Amino acid sequence: MATFDSTKHQHTRFNPLTGQWILVSPHRMQRPWSGQEEQPQRIDLPDFDPNNPLCPGVIRANGVKNPIYTSTFVFTNDFPALLEDVPLPPKDDDPLFKTGGARGTCKVMCFHPKSNKTLPLMTPKEIRSVIDAWIKEYNLLSSKYPWVQIFENKGASMGCSNPHPHCQIWACSFLPNEPYLKDENLRRYFQTHGAPLLEDYVEKEIIRKERIVLENPDWLVVVPFWASWPFETMVVSRNGNRRISDLNQQQINNLAIVIKELTTKYDNLFKCSFPYSMGWHGAPTGDFSNSDSHWTLHAVYYPPLLRSATVRKFMVGFELLCQAQRDLTPEHAAAKLRQLCGKKHYTEHI
């Protein structure tokens, strides 16, 4: 029998953050594709669209007129999934019909007044304003809610219904599933090894140099060993920060540079406005913050594209019924991203 080769032979990898396994099948990259193909995200959008409810000065569906904003703009979502003042469900002792309270608020943050200015096309200074606004909203909401989820859905293929550059911020009265799993596994690792899991992970990735995409003194961008999406990346703090509110001025400046370069690499990969879902994870607050030394601040990017601007990865079938599966190895994905230019956007060559 041949010797195992991780670039050729299927195998499983363990995700210590969630306690789940990933199936890696690199040989499947050779299969032909005749399935659905996506329409690439448009890059020829106008600066301003009077019918776009996120543009400055436009009246939204609820009759409220946006201000003529010149940087970031934050407002409470007109159609939120969470409301602050709602009745709690009645208690039920039946183990098969459990319910729980869910209160919160949902906000929308526009990154830039121009609809065609996605993050990779913004300057580090403009991205710095976005990070500052994230921190401001996080501080405001985390004083009331134990979990504040900052996330961006970029592109129609990731469910974004509006092409204007923006993100959402949901604050909730409960600890959601993914953060709950991470909290449990991070705590268990810390109790066993006496150090935060992601700090140990960063040190080992720096030594191995197999999956690093970008790095500076404050941040490491890596395709995780356990990544499930084709070009998934994780941006990890290298300064022991536990929450986004912990960042100092230098760390914010370096984060703006990292976001600019990573998203530029994404766009340059397939010469398109690269879709993804991105979100920040850090230590919970409130009732869940009694012990947080096991946490390390990090962001995750989940991009769906697999082979080109039109061929995406689908999480269906085996992935839904059993466990996540990927074809492209994390090492191969990291190498492709690492060699791409992150300083200059592909449209600047036109």
Problem set entry | Filtered residues of segment 182-218 (kept if touching a strand residue (DSSP E or B) at 6+ places or on another chain (Cβ under 6 Å) and not basic (Lys, Arg)) | 198, 202, 205, 212, 213, 214
Exercise. Does segment 99-112 include one or more residues that are in contact (Cβ under 8 Å) with a residue 12 or more places away in the chain, out of contact with any strand residue (DSSP E or B) (no Cβ under 6 Å at 6 or more places or on another chain), over 30 Å from residue 347 (Cβ atoms) and not in a loop (DSSP other than H, G, I, E, B)?
Worked result: no
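Need a quick list: strands (runs of 3 or more DSSP E) entirely within segment 231-308 having at least 1 residues that are in contact with a helix residue (DSSP H, G or I) (Cβ under 9 Å, 6 or more places away or on another chain), crowded, with 21+ Cβ neighbours inside 10 Å and among the small types (Gly, Ala, Ser). Explain how you work it out, then say what you get.
On the way: elements: 233-237, 276-281, 298-302.
Ranges flagged: 233-237, 298-302.
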Exercise. Can you spot a residue in segment 302-310 that is among the hydrophobic types (A, V, I, L, M, F, W, C) and over 29 Å from residue 9 (Cα atoms)?
Worked result: no
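Tell me which strands (runs of 3 or more DSSP E) are completely within segment 121-222 and hold 1 or more residues being modelled with pLDDT of 95 or more and under 20 Å from residue 284 (Cα atoms), or say none if there are none. Give the steps one after another, and end with the answer.
Values: elements: 147-154, 166-172, 212-215, 219-222.
Correct list: 147-154, 166-172.
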Seminar exercise, completed: Over segment 309-332, the set of residues closer than 26 Å to residue 219 by Cα and either in a loop (DSSP other than H, G, I, E, B) or among the β-branched types (Val, Ile, Thr) (or both) is 328, 329
Seminar exercise, completed: Taking segment 105-116 and keeping only residues that are more than 29 Å from residue 180 (Cβ to Cβ), surrounded by fewer than 20 Cβ atoms within 10 Å (Cβ to Cβ) and modelled with pLDDT of 95 or more, one is left with 114
Problem set entry | Conditions (1) more than 17 Å from the chain's Cα centre (by Cα); (2) within 16 Å of residue 118 (Cα to Cα); (3) in a helix (DSSP H, G or I): number failed by residue 344 | (3)
Problem set entry | Selection within segment 190-211 - farther than 30 Å from residue 336 by Cβ and either under 18 Å from the mean Cα position of the chain (by Cα) or crowded, with 18+ Cβ neighbours inside 10 Å (or both) | 190
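State all residues of segment 117-160 that are basic (Lys, Arg) and within 24 Å of residue 179 (Cα to Cα); if no residue qualifies, say none.
Our first condition is that a residue be basic (Lys, Arg); within segment 117-160, this holds for 117, 125, 128, 136, 144, 154.
Of everything in segment 117-160, those that are basic (Lys, Arg) and within 24 Å of residue 179 (Cα to Cα) turn out to be 136, 144, 154.
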Exercise. What are the residue pairs meeting all of these: first residue in segment 43-63, first residue under 22 Å from residue 155 (Cβ atoms), second residue surrounded by fewer than 16 Cβ atoms within 10 Å (Cβ to Cβ) and among the hydroxyl-bearing types (Ser, Thr, Tyr), Cβ atoms under 8 Å, and 6 or more apart or on different chains?
Worked result: 43/347
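The values are calculated or read from the model by the stated rules, or taken from the named source; none is laboratory data. All of these numbers come straight from a predicted model, not from anything done at the bench. Cβ atoms come from the backbone with ideal geometry, glycine included; neighbour counts cover every protein chain shown.
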